[in-house]
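These notes are about the structure you will find just below.
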Amino acid sequence: MPRRSTRRPGFPGKWSIKWARWAISVSAIGLCVTVHNSVAVYPIMAFGSRAQIEHWVPPLARGEKIGAFCLTEPNAGSDAGGIEATALADDDNYVVNANKVFVTNGGIADVCLIFCRTDPAAGRRGISVVVAERGTAGFVVGDLENLCGMRANPVCSIRLYDCRVPRENLLAGEGMGLKIGMAALDIGRMGIGAQALGIAQAALEEAVRYARQRQQFGVPIQRHQAIQTMIADMATQVDAARLMVYRAAALKDKNLPFSKESAMAKLFASEAATRVTDLAVQIHGGYGYSKSYPVERYYRDARVTRIYEGTSEIHRIVIAKSVLAG
Ligand SMILES: Cc1cc2nc3c(=O)[nH]c(=O)nc-3n(C[C@H](O)[C@H](O)[C@H](O)COP(=O)(O)OP(=O)(O)OC[C@H]3O[C@@H](n4cnc5c(N)ncnc54)[C@H](O)[C@@H]3O)c2cc1C
């Protein structure tokens, strides 16, 4: 068992500790930013009326207000068409009742896109998006989720009890909910792919730094072939993930179809991030399993990228459908 010294292996000085503390919080902040931009602001810009865009986008773009995307419910996760929230028209308002769970930014969000049924009898075609603002009567922020990773993000439930939302807060039109949701997730998946890539890159850098400094059997562990194999696998996974994420982004920039490539990038990058962070922990040995080093945090943060904005299993279904359709 390594003897604990005052100077931990691989931690050369105070600046590194400061840097590491900052770095370990970045993925949860990245989650805040990607959800805000990709699945809250983007749908308003793409599907909102001129008046809606002028009302919500400037404060959201300035960061004075924070956005959230409220689709998931206790009985509807992967199956978005199974949501039970309702928004029933009453004069100039919708009366919204909803129980949304796992809302990223939920604890701080001002502008929430709520997926709900405006026509409960119309199945998937009765799903719409209304924008509800924090502070409206009946809008309740629930308790924070006690998450495994991404703990700096206030992910929580949002409940609406007979919450009266002006009818002018409907995005695009009744029945447009799933179309808006899918378009937002195409963009969002690229953001999660980029996030997974960033976590994997950070884990690789930490592993290399540690492998250069940690001595065992009289040499830095980077000299052991088993460590080199792990570093090679990590670097290759990170590179491949980067190329896939950048390809999806380049297609989007050129206004070319990018849904399949975005799903592939998210699937590959998230799975690469879980493998790479696992290897980073391994290279750190017992210290990798301790909170003294950032890699245990990367390991926990990476894990959720295979779950949110569509699980790996759902991504495989989306990709297969696209490939089989030719
Ligand atoms: C930290 C965090 C933040 C989140 N942020 C948001 C947010 O901001 N907004 C939001 O709306 N949601 C958010 N979510 C919810 C997230 O998108 C869902 O957890 C995810 O879509 C999966 O839904 P579920 O958890 O209900 O799992 P389920 O859908 O119950 O799935 C359970 C398992 O069954 C598998 N499965 C389900 N259906 C199929 C199928 N047809 N074929 C094969 N396998 C299947 C899944 O892949 C999974 O392995 C967040 C979740 C977390 C953990």
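Structure notes:
- Filtering 208, 165, 155 for residues that are within 30 Å of residue 276 (Cα to Cα), among the hydrophobic types (A, V, I, L, M, F, W, C) and either at pLDDT below 95 or more than 13 Å from the ligand (Cβ to nearest atom) (or both) leaves a single hit, 208.
- Selection count, the range 88-109, where residues are crowded, with 18+ Cβ neighbours inside 10 Å and within 16 Å of the ligand (Cβ to nearest atom): 12
- Pairs with Cβ under 7 Å, 6+ apart, first in the range 302-317 and more than 6 Å from the ligand (Cβ to nearest atom), second of a type in the set (A, V, I, L, M, F, W, C) and not in a helix (DSSP H, G or I): 303/148
- Test: residue 140 is surrounded by fewer than 16 Cβ atoms within 10 Å (Cβ to Cβ) and either out of contact with any strand residue (DSSP E or B) (no Cβ under 9 Å at 6 or more places or on another chain) or not small (Gly, Ala, Ser) (or both): yes
- In the range 230-274, the residue that is surrounded by the fewest Cβ atoms within 10 Å (Cβ to Cβ) out of those that are acidic (Asp, Glu) and touching a residue at least 24 places away in the same chain (Cβ under 8 Å) is 233.
- Here 146, 153, 169 are screened, and the one residue that is in the same structural domain as residue 101 (by TED's automatic domain parsing) and in contact with a Ser or Thr (Cβ under 9 Å, 6 or more places away or on another chain) is 153.
- Filtered by the rule that a residue be crowded, with 20+ Cβ neighbours inside 10 Å and more than 6 Å from the ligand (Cβ to nearest atom), the range 69-84 gives 73, 80, 83.
The values are calculated or read from the model by the stated rules, or taken from the named source; none is laboratory data. Keep in mind that this is a model prediction, so the values were computed, not measured. Note that each Cβ is placed from the backbone with ideal geometry, even for glycine, and that neighbours are counted across all protein chains shown.
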